[in-house]
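Reviewing the structure listed below.
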Amino acid sequence: MPKIYTWDQLFSRRQFIKGGVAAAALGAAAGSGLLHPKPGLGDARSTVASTLSGTKYVYTICEQCVWRCGVIARVENGVVRKLEGNPDHPNNAGKLCPRGNAGIETLYSPSRVKFPLIRAGARGSGLWRRASWDEALTYTAEQMKKIKDKYGAKAMIFNSTDNLSQPFFETLLKAYGTPNYGTQRSLCFNSMTTGFLYTYGVAQPGTDYANCNYMIFSGRNLAEGISNIETQEMIDMVARGAKVVVLDPRFTKTAAKAEWLPIRPGTDLAFFLALINVLVNEKLYDAKFVSQYTQGFDELTKEVATYTPQWAEVQTEIPAGTIRRIAREFAASAPAAIAHPNWRTSNFLNSFQAERAIAVLNALAGNWAKPGGLIPDQSINTAKLGTLPHPSYPAAVGMRLDGVPWQFPMVPLAYGVLQVMRDNILTGKPYQAKGWLISRQNPVLSIPERQKTINAIMKLDFIGVIDIMANDTAYYADVILPESSYLERYDGLVPIGDEIFIRQPVIKPLYDTKSSLMIYKELAVKLGLGDFLPYQDEKDLLVQELKPYTVSLEELERKGHYRVPNFKEDHSKDFAFQTSSGKIEIASGIMAQMGKKAVPTWEAPPKPGPDEFYLLTGKTAQHSQMFTQDNRWLLEIFPENKAWLHTTVAKKLGVKTDDMVIIESEVGKIRIKVYVTEGIRPDSVFMVGGFGHVSKGLHFAYGRGASDSALHKSLADPISGSSALSQTFVRVSKA
Amino acid sequence: MTVRMGFVIITSRCIDCDACMVACRAENEVPIGFTRNWVTDSGAVGKFPIVKQMFEPGNCMHCEKPSCLSVCPTGATYKRADGIVLVDDTKCIGCKYCIEACPYDARFLNPVTGKADKCTFCLQRLEQGLKPACVQTCLGKARHSGDLNDPESVVSKLLNRYPARQLSPDAGTRPNIYYIDVPVAEIPSGT
Amino acid sequence: MHTEVTWGLLIVVYLFTAGVSAGAMVASNAAFLLGGDRYERVARWGAYLAPFPIAFGTGVLLLDLGSPLNFYHLFMTLQYKSPMSWGSWAILLFTLLSLLYLYLWLPPRYQVGHVIKRVRAWKGGLAKGMPILAVSVASYTGVLLNAADRPLWQIALLPELFLVSAMSTGVAAVGVAVALSRRWRASHEEKLSLALVDIVLVGIELLIFGAMMIDSQIGTLNQQLAYAVLWTGSYAAAFWIMIMILGLVVPLILKIVEVRGRLPWKWNEWVGLGSSLLVLVGGFFVRYVITYAGQMTGWLR
Ligand code: SF4
Ligand code: SF4
Ligand code: SF4
């Protein structure tokens, strides 16, 4: 009978020591004082002395969020001491955000899963036993095979979120043969990507901050949702005196640097329709550009006729005069003026229309491929990596559980609708899913209606999780395959423009963990699919990716990046729009085909009832999505999320900052501390997402703050599949 | 002319991301629960919807007339010729007098060492020709450091071009952090 | 950056005990020099008391240090600008000399032979010198806070306040001792004199607080805000109840009642004893409130 561990035992100090490899590694770390910080002050001199001996600097890539900044790690005698931005990296120009700076704490966190674990009690009981890699992988492969044999490959779902090794995970799922793949996209930016795709044929155009003179943000909060270099560029833009307008029901830190318009939630669409109205009526648009590159302008003229600033004032609660002024200012700055594509905009079901209106407004400004405007797709101007040969994939048989395309005909296959996939595990329609393999993702906390996700997990025959920590989904898993942290492993190479960057181990793995590249590979071998991932080890893979170039892997490792010589940027396709008409589609051909109105049109968002509030969600600069809340260095600067209430609302409830309130929606209920501020609309409540973890494996995050996903209703925009996270209304009462 | 090390902080460029605080923790192994530098947040000031918000980063001001130094009973706190105020751990008894005396609350008792602790201007980095960790990582290019007496330094150039203020001049310690609140479009090049 | 109180109860005890010792010493010296044999018991008890509170306080202070084993560094240097530096020297000297002084006051059988002959002369010499040291020690506790750059602690009258409060607590401590002692119980005259001295000291203390209140109306904004923590802020309750009422006004009234002597003898004993204890409580809270409230006050940015 193998020993059964609870979470507490698994993470007790004694247990580390028992853990073989882990013990040695921990000894090294503790002995060198990282876990017991050395004297900080008078030691300045001795620190200098020690840096001179046994110090090395290693280039790698950050993974404290998904932005991929260049990092130079300072390693002293095998201990990572400092992470610093790589000045030559285009994503961050030498700077790291708070999360990037805190990567060391992620590496040395006591919450790391140190060896493979197989569940030893009921799901979620927190009882585990230690397994060898061979046993854990064999177990996982057997479960997956069993499901495939009995129910077909389609009964198995694969989930992953944007990361460097994601392409190899996708290879595994294609080789296995399931049509069911869940990414974060529908919880994030589906409305933006589809909106722009159906207008420009480009899902995510860039924005030229450096030359832009007028920027309207309506769902991109760069000061708090940090995208390193973009955030830097935004700050420079503001300092340069460019005008920035922020539409947000909440006073964000970006709004603090801009003109803040506290718009009524869900009505960004009306605001942009009114801007279009003014541009059209006052002939402020770029007529030459519109006639040359767009189609559908006349239809637009008709549609927006009634969307006057006065009309929009009623919807948005922004004065008509302000709307008109902004329209004129925007047009005056065009083409160096951008209505930013954003990320989630207002996060309502009408967000797809809002994104379409934004896309069209940019077209009217004629800012495409102009200095200070939108930047066309850059993937064509990106160095191409060598590919790995593999047998042809089996056909993925069966309908997709996320309803694409049979329920969501317009959602691109690559994006999917994650929340619907979860719902269909529960409903068993159109068939019953049986297994779930999740890599670097945490659906329990990210998908709306947390309880439903947990219920869905309980219905499955098998659930396996690959991650560095026991996140909330891993907590309910049957097996946890522990991944090495980003400072201990290789991942696939990253080409950016004419350069290729590498993530490489800064130190050897501290524990009995593997890179996901090897986990996928070894799992594939056990599944009899080894040929699809044809590499011996990570280095072998990287060498194959580097095949087209003369550089050796060793040199790339030493320098951190490689610049492809004589790389020519190709701008010949900048105006070859990948739409059905080949033009910028103000009137979308696909929308028309689907029998919908082809131009952006008003869809009234629902309003909260008399005692209800809008529930807004958003980011903080100090944490990334759901996966940094256990990092103690970050908890020092952002310890928990609080519910923002306007002063008048707090007064009515009789609460002050740090008092507890209960927030209730149709689907759930949370307790959370209050933050009282003048910086939010009185009809709204705001909370940062990512807190309220339920996994006891997350020592420092467990029980901190509350989760917005416990309150969110599951809604999916029928066009883009986007989850309308802010279309949930709540009641607030004193706890 | 003597060297006078100090900081210039451009509040208008700070977004309160706190990267500077984490970078300092890593560089100087500052124990959890304490910090050598900070960013204060005014919160939304005013009445909805006309509000504004200010972020003010700070750390030890390496004062000209440091009150921490004059109260230190053992001579552990000292000021170097270049103006950097430091604590000599071998002499510090941990009486916390300097912590009380600092008008900027820049010091704390380090529970690991039992000594007064504070910003050291990242001396170990200066000696290698690097900027302090907070300055190096600052996302907004809000924090700058250098020799206030050297006309070629970034800090001097900034102070030449823009109006600046000091914190709590009433406290009388003549702090060496200068704050610029107006927009600064371009950071001058300099040492 | 720190947010909680840095100097806590241990420091308060240190400041308080140093004051009690200094006050007891001065009471003893004065009784010896001015009162001669008629005030022998006061002088004796003052001498017996003086070394101990301050020694205890110094021990407590050691506990408060971050690096107690480094303590000796205090005495490797004299930092003339640092009150704590010269204050520590003063306290060291005071403690040593007060022990010598105590020794001289011990009954002869405890004393080594050859000392005896010159005891009186030495006593006299010490009694003349010690008040200077005692006043230094007592005002040091005020100057200590004064030098730390905090608005409330920079109030001009703080050293004076601490000095007077030290004297009154020292006198009160001696008063308690002589009232309870079996062997060297105070005479009626001694008790009256002690009470009178306390009346004067408590009176002066009240005057100092009065002056502070006037100051708080005319000072800088920084000072006004600092004072406000005492008068109306979070330490107002402690200030008004523990210091002003229980620590000053009530004992003042009781002492006056005691001096006027209209009450039955037994009651008068209790009134005297009780009022002295209240003076001690009040003195403790003067240190407590000023130390804690001072840490709440900072400079306007
Ligand atoms: S933005 Fe921050 S977390 Fe993201 S990659 Fe860059 S440094 Fe890392
Ligand atoms: S800021 Fe404080 S710690 Fe730094 S030199 Fe000035 S008084 Fe001393
Ligand atoms: S790193 Fe720079 S921008 Fe960020 S909080 Fe610190 S000073 Fe402000």
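The values are calculated or read from the model by the stated rules, or taken from the named source; none is laboratory data. Quantities reported herein were computed from a predicted structural model and do not represent experimental measurements. All Cβ positions, glycine included, derive from the backbone under ideal geometry; neighbour counts span all protein chains shown. The area values use the complete protein model at the heavy-atom level, side chains included, leaving out ligands, DNA and RNA. Shrake-Rupley method; radii C 1.70, N 1.55, O 1.52, S 1.80 Å.
Tabulated data for the structure shown
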| item | result |
| --- | --- |
| Largest-first principal axis extents of the Cα set of segment A:574-668 (Å) | 57, 40, 25 |
| Of every Cα-Cα pair in the protein assembly as shown, the percent that sits beyond 45 Å | 48 percent |
| Computed [θ] at 222 nm, deg cm²/dmol, chain A (DSSP H ≥ 4; -39,500 (n - 2.57); rounded to nearest 500) | -9000 deg cm²/dmol |
| C:257, A:599, reordered so the largest accessible area comes first (probe 1.4 Å) | C:257, A:599 |
| Chain A: Cys lacking any partner C-beta under 4.7 angstrom | A:65, A:97, A:188, A:212 |
| Cα centroid separation - segment A:252-328 against segment A:170-212, whole Å | 26 Å |
| Rounded to the nearest 10 Å², the accessible area of residue C:244 at probe 1.4 Å | 20 Å² |
| Pairwise centroid distance, computed over Cα atoms, of segment A:404-476 with segment C:68-113, Å | 75 Å |
| Mean Cα-pair separation over length for segment C:9-296, i.e. relative contact order, pairs under 8 Å, 6 or more apart, % | 23 percent |
| Rounded percent of accessible protein surface that carbon and sulfur make up, segment C:9-296, 1.4 Å probe | 72 percent |
| Normalised contact order of segment A:82-237, rounded percent, pairs of Cα under 8 Å and 6 or more residues apart | 16 percent |
| Lysine pairs within segment A:613-734, Cα separation less than 13 Å, 8 or more sequence positions apart or different chains | 10 |
| Mean accessible surface per residue for segment B:5-180, computed with a 1.4 Å probe while every protein chain stays in place, in Å² | 29 Å² |
| Candidates C:131, C:68, C:159, ranked by Gaussian network fluctuation over chain C, Cα under 10 Å, top entry | C:68 |
| Tail fraction, Cα-Cα pairs, segment A:466-542, threshold 21 Å, whole percent | 36 percent |
| Lysine pair number, Cα distance threshold 14 Å (strictly under), segment B:74-121, separation 8 or more or different chains | 4 |
| Selected from B:17, B:102, B:60 as most flexible by GNM, with chain B as the system and alpha-carbon contacts under 10 Å | B:17 |
| FRET efficiency, 1/(1 + (r/R0)^6) with R0 56 Å, evaluated for residue C:221 and residue C:256 via beta carbons | 0.90 |
| Helical mean residue ellipticity (222 nm; -39500 (n - 2.57) per DSSP H run of 4+; nearest 500) of chain C | -24000 deg cm²/dmol |
| Apportionment of accessible area to carbon and sulfur, chain A, percent (1.4 Å) | 54 percent |
| Interface A:B - total buried accessible surface [probe 1.4 Å, Å², rounded to 100] | 4500 Å² |
| Over segment A:613-734: Rg over Rh, Cα atoms, Kirkwood Rh | 0.97 |
| Along chain A, longest interval not containing exposed GluC sites (Glu not before Pro), exposed being DSSP loop plus at most 15 other Cβ atoms within 10 Å | A:283-568 |
| Estimated FRET transfer efficiency when R0 is 60 angstrom, pair residue A:498-residue B:65 (beta carbons, to 0.05) | 0.65 |
| Heavy-atom accessible area ranking, 1.4 Å probe, most first, across A:132, A:714 | A:132, A:714 |
| Exposure rank, largest accessible area first [A:658, A:236; 1.4 Å] | A:658, A:236 |
| Taking the C-alpha atoms of segment A:382-493, convex hull volume expressed per residue in Å³ | 165 Å³ |
| Cα coordinate range in segment C:9-296, projected on the principal axes (Å, largest first) | 61, 56, 28 |
| Cα-based convex hull volume of segment C:208-301 per residue, rounded to whole Å³ | 83 Å³ |
| √(5λ) per eigenvalue of the Cα gyration tensor, segment B:118-191, largest first, Å | 19, 17, 12 |
| Net charge of Cβ neighbours under 14 Å - reference residue A:399; Lys, Arg +1; Asp, Glu -1 | +2 |
| Hz values of 3J(HN,Hα) by residue in segment A:265-276 - Karplus curve (6.51, -1.76, 1.60), Gly and Pro given as x | x, x, 10, 3, 4, 4, 4, 6, 4, 5, 4, 4 |
| Interface C:B - total buried accessible surface [probe 1.4 Å, Å², rounded to 100] | 2900 Å² |
| Among B:161-168, B:32-39, A:577-584, the order from most to least packed when residues are scored by Cβ within 10 Å on average | B:32-39, A:577-584, B:161-168 |
| Computed label-point distance, nm, for sites residue A:150 and residue A:384 using a 7 Å Cα→Cβ extension | 4.4 nm |
| DSSP bridge pairs, the protein assembly as shown: antiparallel proportion in percent, nearest 5 | 60 percent |
| Helix A:516-526 axis, angle to chain A major axis (alpha carbon atoms, nearest 10°) | 70 degrees |
| C-alpha long axis of helix B:19-28 to longest principal axis of chain B, angle in ° | 20 degrees |
| Sequence-distant residues sharing a close amide H with residue A:182 (under 5 Å, placed H) | A:158, A:159, A:160 |
| Average beta-carbon neighbours from other chains, 10 Å sphere, peptide A:248-260 | 4 |
| Calculated over chain B: convex hull of Cα atoms, volume per residue (Å³) | 133 Å³ |
| Over chain A, relative contact order from alpha-carbon pairs under 8 Å, at least 6 apart, % | 18 percent |
| Calculated from backbone phi, Karplus (6.51, -1.76, 1.60) coupling profile of segment A:296-305 in Hz, x at Gly/Pro | x, 4, 5, 4, 5, 3, 5, 4, 8, 3 |
| Between segment A:625-704 and segment A:75-108, the Cα center-to-center distance that results, in Å | 29 Å |
| 22 Å Cα-Cα reach of residue A:154 towards lysines, excluding residues that sit fewer than 8 places from it in its own chain | A:145, A:146, A:174, A:429, A:434, A:452, A:459, A:521, A:526 |
| Convex hull of Cα atoms in segment A:190-378, direction-averaged projection (nm²) | 9.3 nm² |
| Globularity index of segment C:53-102, i.e. its alpha-carbon radius of gyration over 2.2 N^0.38 Å | 1.18 |
| Qualifying trypsin sites (Lys or Arg not before Pro) in segment C:226-278, DSSP loop, other Cβ atoms within 10 Å at most 12 | C:262 |
| Whole-Hz couplings from phi, Karplus 6.51/-1.76/1.60, listed for segment A:377-386; x for Gly and Pro | 3, 9, 5, 6, 9, 10, 4, 9, 8, x |
| Average beta carbon contacts from partner chains per residue of A:82-89, 10 Å cutoff | 3 |
| Square roots of five times the Cα gyration tensor eigenvalues for chain A, Å | 41, 29, 28 |
| Using alpha-carbon coordinates, inclination of helix C:40-49 to the longest axis of chain C, degrees | 50 degrees |
